[in-house]
Amino acid sequence: MKHHSTATLTLWQPLLNTPAGLLWGSLGVLAFSFTVPMTRVAVANEGMDPIFVGAGRAVIAAILAAIALWTAKQERPNTSQWLRLSVVAFGVVLGFPLLTSFAMASVAANHGAVVIAILPAATAVAAVIRTKERTKASFWCAAAIGALAAIVFAVISGGGLAGLQPADLLLLAAVVVCGIGYAEGGLLARELGAWQTISWALVLASPLMLVLSLIGLHHQAPSSGPAGWGAFAYLGFVSMYLGFVAWYRGLAIGPMSRVSQVQLVQPVLTILWAALLLGENIGWSTIAGGAVVICCALLAIRSRATSASTDTSDTMPASAK
């Protein structure tokens, strides 16, 4: 498929108003929901260096992306698009994986899932600011309350304001940079195509991520067993690439405003996997905190969707890996 073909130029528009969009979007969210627990498995007990986990997964995904771009004979982005791809790469390829890898070395996966649950709303906020879109006051209120709820949860879980862990700040920073990266990626997907955008971002960041991977290996030789390496492989092949293909395909089929809301079940699934795979306890604070954050994210997304004049004015929100 050529870069300038009709199919790629219209990928952001609903292709068919069928359950296919929801199916592809759900597959993407299912893939992403394992990201936090798998990261926890990889870095647990100092099995792998967080830098190696965060950067190495991007190197694996970049190899897949390069193969896909070469096979499909995609034309290279222009200079302006490369600059915008650097924003996507910084937020999605560099920032989110590294920040969450360091955070997951010291906090439980279900804790991280609740804090990251504000990501859909953060992405919507970044998209509104980027496109100068007019929105209702309820959108900003829901986004602000959701962010506050995530912070309050982190404070309570840490035993008070003094107990706010550095990992919580890393998670919040991950939400910010990822939201910005996906907002810009949503706009670029209108020009380059959905999977092409994440592929070019991975290729662009690959030299830096390779260097960081080698630094991580030099700092700490991996001592993980099969579970740790299996988790690392999942992060590289699925969380960092194949999950994006499914997610963006779902958004391309659309309707985008409807498919994007599937992402709200991601933290619920992540908490479930953390309990089943890692044996983490799900307390009432986790349930309550997650419910509040998810509800606020839902209100923000729906408020923005109703204020948009057409579906094509939406940008393409997505999760973390």
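We did not get these values from a lab; they are worked out from the coordinates using the rules stated. No experiment lies behind these values; they were computed from the predicted model shown. Ideal geometry is used to build each Cβ from the backbone, glycine not excepted, and the neighbour counts take in all protein chains shown.
The overall shape of the range 59-117, judged from the alpha-carbon gyration tensor, is prolate: a/c is not under 1.5, and a/b is greater than b/c.
Kirkwood radius, the range 83-186, all distinct C-alpha pairs, inverse of mean reciprocal distance: 14.1 Å. Oblate is the label for the range 6-313, because the ratio a/c of its alpha-carbon gyration tensor axes (a ≥ b ≥ c) is 1.5 or higher and a/b is not greater than b/c. As a calculated quantity, the FRET efficiency between LEU269 and HIS219 at R0 = 35 Å, using C-beta atoms, amounts to about 0.60.
In units of the rule-of-thumb radius 2.2 N^0.38 Å, the range 116-245 shows an alpha carbon radius of gyration of 1.29. Histogrammed with a bin width of 10 Å, the alpha carbon distances of the range 24-74 distribute as 21, 36, 33, 9, 0 percent, first bin at zero. FRET efficiency for the pair VAL152 and LEU23, taken as 1/(1 + (r/R0)^6) with r the Cβ-Cβ distance and R0 = 35 Å, rounds to 0.50. For the range 6-313, the Cβ-based charge dipole about the Cα centre amounts to some 700 debye (Lys, Arg positive; Asp, Glu negative; other atoms uncharged). Considering all C-alpha pairs of the range 182-254, those separated by over 14 Å amount to 70%.
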